[in-house]
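**Q** My questions will all concern the structure given below.
What follows is calculated from the coordinates using simple rules that are stated; it is not laboratory data. Here the structure is a predicted model, which is why all the values come from computation and not from measurement. Ideal geometry is used to build each Cβ from the backbone, glycine not excepted, and the neighbour counts take in all protein chains shown.
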Amino acid sequence: MKSLFQREPLLALMVVALVLAVGVKAPVFLSAPSLANLVTDSTLLVMLALAQMLVVVTRGVDLSVAANLALSGMVAAMLASRHPEAPLFAVVLMAVVTGLALGLVNGWLIGYLGLPPIVITLGTMSVYRGLVFVLSGGTWVSAHQMPADFIAFPLTRLFGLPHLVWIAAAAFALFLFIARFTRFGRDLFAIGNAPQCAGYIGIPTARRLLWTYGLSGLVAGLCGYLWVARYAVAYTEVAYGFEFTVIAACVIGGVSIAGGVGSVTGALLGALFLTVIGNALPVLQVSPFWQSALTGLVILAAVLVNARGGRKGSRQILPLHRNQLEPAAH
């Protein structure tokens, strides 16, 4: 029974309650097509939030994720439009490699040079967003310029569900495995709990940060292709400001900005919560300008809950003080 009062079950109940509450006001919201669209709409945010969760757990943040998405998506769109004969796999691979490379730049600067994550990713966010304009010359790549298979893939159904949903489900399973069952995942929680202690016991902090930001970039690159293909357009301001929505999903899901605390399931639920709010407002005929205000209020509430809860229930991998390690060394 105790688990029912933990954060994740309560957040799941809040998501369900919110869906039902909106459904009472607007029954069309509970229709099968509407719920299917809700799940599909959440997929990109879910994938980005899962990757961001690992970054935030290390006491970091990746503000460049949306700019990375836009640049990777533009690379994919321009490649597909100029070389329509190119296999779809090659186009997607180019987007993923682009995103990975951009993420590794962040990871190298943060991990090996020890520079502040918020400063580095704020800077690379501007650089990557500017490169979208440089690459495209400020022009759009529209649907009529993209091959049919490029556009069709994200929403093509497999066993009744769009590819987007299957990819998001696979990402959830992968990140759950990484966070719970791999040394890499355990090391990230250790770094977030006590960075200096992590170094004392031999955790390669710089290398872990390099690949954590690289993984965030890789996911952003994949989402870049999926975004421009789903909406059939690529332009300079794709996903503009979306990085804050991604971070909000993590915070709402219980990922502590102080590091060392968070879960894959929490990030998933945080993304679903924000998607429900975003989809509910038009149904309720509420101005979309209220979405930012509502999201901000939810974030403030989540931060207060996180602060009140402290670090209770966190994954304490390492002692917090060096002198706690010294007796074990004798």
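**Q** Mind giving me the nanometre distance, one decimal, between the label points for Arg180 and Val28, set 7 Å out from Cα along Cα→Cβ?
**A** 3.9 nm
**Q** Beta carbons within 10 angstrom, averaged per residue: use that to sort the peptides 60-67, 162-169, highest first.
**A** 60-67, 162-169
**Q** Remind me, relative contact order of the chain in percent, using alpha carbon pairs under 8 angstrom and six or more residues apart?
**A** Result for the chain is 32 percent.
**Q** Right, something else. Starting from the 7 Å offset along Cα-to-Cβ, what nm value, one decimal, do you get for the label separation of Leu10 and Phe159?
**A** Each label point lies 7 Å from its Cα, and together they span 3.5 nm.
**Q** Now for a different question. Tell me, how many Å apart are the Cα centres for the stretch 209-264 and for the stretch 99-154?
**A** Comparing the Cα centres of the stretch 209-264 and the stretch 99-154, I get a distance of 12 Å.
**Q** Still on this structure: Listed highest first by mean packing, meaning other Cβ atoms within 10 Å per residue, what order do 21-29, 275-283 come in?
**A** Per-residue mean Cβ counts within 10 Å order the peptides as 275-283, 21-29.
**Q** Something else now. Please give the calculated 222 nm ellipticity per residue for the chain, where each DSSP H segment of at least 4 residues contributes -39500 (n - 2.57) and the sum is spread over every residue; nearest 500 deg cm²/dmol?
**A** -23500 deg cm²/dmol
**Q** Same structure, new question: Taking square-rooted eigenvalues a ≥ b ≥ c of the alpha carbon gyration tensor, is the chain rounded, prolate or oblate, where a/c under 1.5 means rounded and, failing that, a/b exceeding b/c means prolate?
**A** Cα axes put the chain in the oblate bin.
**Q** Taking the Cα centre of the stretch 1-147 as the origin and placing charges on Cβ (Lys, Arg +1; Asp, Glu -1), which of Leu45, Pro84, Gly130 is farthest toward the positive end of the dipole?
**A** The one lying farthest along the dipole's positive direction is Leu45.
**Q** I need the peptides 242-250, 149-157 ranked by packing, meaning the mean over residues of other C-beta atoms within 10 angstrom, with the highest value on top.
**A** 242-250, 149-157
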